[in-house]
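Data block below; observations after.
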Amino acid sequence: ASKYSTESIDERHVNVCAPAEAIYLASRALLAADDHVVATVPLYQSLSEVARSMRCEVSAWRPSAGPPGAPYRFDPADLAALIRPGRTKLVVCNFPHNPTGALPTAAEFARVVAACEAAGCYLLVDEMYRGLEHGSREPLPAACEASAIGVSLSGLS
């Protein structure tokens with residue numbers, strides 16, 4: 001719990017388990033058959049496959065490449081277009097993204113959070129690489145700190 005900067009996160013809000021177990025438990029708690037999930041791709045396979053095994057539909061949120069040498073980017077507008085209000089129950093992403101290294105700005109991440117809040121869906125962020133941002137970039141807020149709909153997955157890989 002001390003990893004997070006907000007006073008609203010304490011030991012009652014932290015579940016300690018292996019990441020694969022956490023993905024399974026979160027998916028089973030938040031999803032049901034025929035729900036819709038949006039997930040960044042590529043991603044750690046179980047982040048989407050557990051939902052598929054539950055007969056959920058999974059849509060891919062793909063990064064865009066800028067000009068040669070420019071970093072990959074996940075556009076929040078692309079996410080908003082993929083969300084289906086009333087049907088999308090979960091958005092799954094991992095930032096910093098593996099393998100592209102894509103990292104939204106704080107403002108872009110706020111747009112991701114706002115899109116999820118507006119749609120009434122949860123945001124599960126695989127934060128395994130949080131703290132390993134390139135250059136002088138500050139880490140994004142943890143999903144669990146950014147919103148009540150945020151779920152943070154963190155640990156050692």
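GNM on the chain, alpha-carbon springs under 10 angstrom: the most fluctuating residue among Ser27, Ser46, Ser64 is Ser64.
Among the trypsin sites (Lys or Arg not before Pro) found in segment 35-132, those both in a DSSP coil and sparsely packed, with 14 or fewer other Cβ atoms within 10 Å of their Cβ, are Arg55, Arg87.
A simple count of charges around Arg52, restricted to other residues whose Cβ falls under 15 Å of its Cβ and scoring Lys, Arg +1 and Asp, Glu -1, yields -1. Given their separation in residues at 0.36 nm each and the Cα-Cα distance between them, Arg87 and Tyr72 gain 2.6 nm when the chain is fully extended. Cα centroid distance between segment 25-58 and segment 88-157, in Å? Using only Cα atoms to place each centre, the spacing works out to 16 Å.
Using P(r) over Cα pairs in 10 Å bins from 0, in percent as the read-out, say which of (1) 11, 39, 34, 14, 2, 0; (2) 9, 27, 31, 24, 9, 0; (3) 11, 43, 37, 9, 0 was calculated from these coordinates. Derived directly from the coordinates: (3).
Read the figures in this text as sums done on the coordinates, not as results from a lab. For clarity, every value in this text was computed on a predicted model and none was experimentally measured. Note: ideal-geometry Cβ built from the backbone for every residue, glycine included; neighbour counts use all protein chains shown.
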